[in-house]
Amino acid sequence: MENTETGAAAGRAAARLRDHTLGNPLHARALLAALPVHVLADPGTRLPAPGTYLRSFVRRPHSCTPAARRLVAACAVLGEKCPLHGAVSVAGGVDEPLDALEEAVGAGLLRELPGRLIGFTEPLALAAAYDGLGAGVRARLHLAAARLAEETGTALRHRAAAAGGPDEALAEELAGFAAKAAQHGQWQEAAAHLDLAAGLTESAARRDELATAVLEHVLVGGDVVRAAELAATRNADPRPVRRYVLGRLALASGRFDEAAELLAEAWRHREPGFAADVAEQLAWLHLVNGDREAAVSWAGLAIEQPIAGAVARPYDVLALGGAPGAGAPPGGLTAALAHG
């Protein structure tokens, strides 16, 4: 499994490098030399512009007026593409937006896009423009972007980017937003906001708890390889829920003996918040090991728990175990097998 995980990380790193550099071998090699593969592969890590690109980029804004440079800076904070009026509002001090845009386009910094949007000429230009912002300017622009953001998640991300240090209140807002995203099955978005929350809390214990939650959401979202990478990082979270998450990962990775040990340990605590998930994972473990009777028994225990997991499928285990149960949700294996 380790070779598989390493290969997958290398594949993701290569794909990100290709997209970020548009396949330019000079810039790709420069980033490969500067950054480890796990950083290049991490979708939550913003990739910088390499020095090979920065040397040519820094000359472009020199011919522009301050208004055009402010517009470019605002676009760097807003991201890949944005409406001109939004960038002008974030930038401030741009009295003639079309003139400022014309300058930025002429300097090879920005381009006009369909739908009255503007954006950078290439991903590396965006990275270089963002890297060139001073800390104070960057924070002010992110706060301005947060005030104008229509979506809560976007506003929270901008506020997190503007933070100059720990912010417990903002960390809990991010965690709260992540919980709502998870309720709607938006697992990767939830994980991203939990990761931001972990970076804003001063408590080592709370950071570890949030890291466990990030791992769980990434895993439930289907990215087993990324989950394995996260699990390899140091985490002193002593709670039984971490045993459950690691057990779930071990099961998904085919390490059945390890999964059995971790899940059994988690089940001994039977905490209401995740007991159903533990029982359901144990049901799947027994099913893949060929013990249909034990699988059916654990699936029944999962159904009996007071809190059901958001993605639990114990009725599917019952169906596959030959004992379909009443009350199965529509669209599951119970209905499929009944009509099959």
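The values are calculated or read from the model by the stated rules, or taken from the named source; none is laboratory data. These figures come from a predicted structure and were not determined experimentally. No Cβ is skipped: glycine too gets one built from the backbone with ideal geometry, and neighbour counts run over all protein chains shown. Just the protein is used for accessible areas: all its heavy atoms, side chains included, with ligands, DNA and RNA removed. Shrake-Rupley method; radii C 1.70, N 1.55, O 1.52, S 1.80 Å.
A few remarks follow.
- By a 1.4 Å probe calculation restricted to protein chains, residue 180 has an accessible surface near 130 Å², given to the nearest 10.
- Rounded FRET efficiency, nearest 0.05, which uses the C-beta distance separating residue 180 from residue 22 and R0 of 45 Å: 0.80
- Think of a 1.4 Å ball rolled over the protein heavy atoms: the chain then has 51 Å² of accessible area per residue.
- Placing dummy labels 7 Å off each Cα toward the beta-carbon, the span from residue 33 to residue 202 is 4.2 nm.
- Kirkwood hydrodynamic radius over Cα pairs of segment 225-270, then Stokes diffusion coefficient at 4 °C and 1.567 mPa s, in µm²/s: 122 µm²/s
- Gaussian network model of the chain, Cα within-10 Å springs - most flexible of 270, 116, 60: 116
- The ellipsoid equivalent to the alpha-carbon distribution of the chain has semi-axes of 46, 21, 19 angstrom, derived from the gyration tensor eigenvalues as √(5λ) and listed largest first.
- Förster radius 22 Å - calculated FRET efficiency between residue 310 and residue 85 (Cβ-Cβ, nearest 0.05): 0.05
- For segment 147-229, applying the loop criterion from DSSP together with a ceiling of 11 other beta carbons within 10 Å to the GluC sites (Glu not before Pro) yields 150, 151, 202.
- Net lengthening on full extension, residue 105/residue 169 (0.36 nm per residue, minus Cα-Cα): 19.0 nm
- Förster-model FRET efficiency, 35 Å R0, residue 62 and residue 116, C-beta, rounded to 0.05: 0.80
- For the chain, the carbon plus sulfur part of the accessible surface works out to 54%, probe radius 1.4 Å.
- On the principal axes of its alpha carbon atoms, segment 74-116 extends 21, 20, 18 Å, with the longest extent given first.
- Rounded to the nearest 500, the helix-only mean residue ellipticity at 222 nm of the chain stands at -20500 deg cm²/dmol, with each DSSP H run of n ≥ 4 adding -39,500 (n - 2.57).
- Helix 97-106 axis versus longest C-alpha principal axis of the chain: approximately 90°, rounded to the nearest ten.
- Computed with every protein chain present, the accessible area of residue 267 is close to 20 Å² [probe 1.4 Å].
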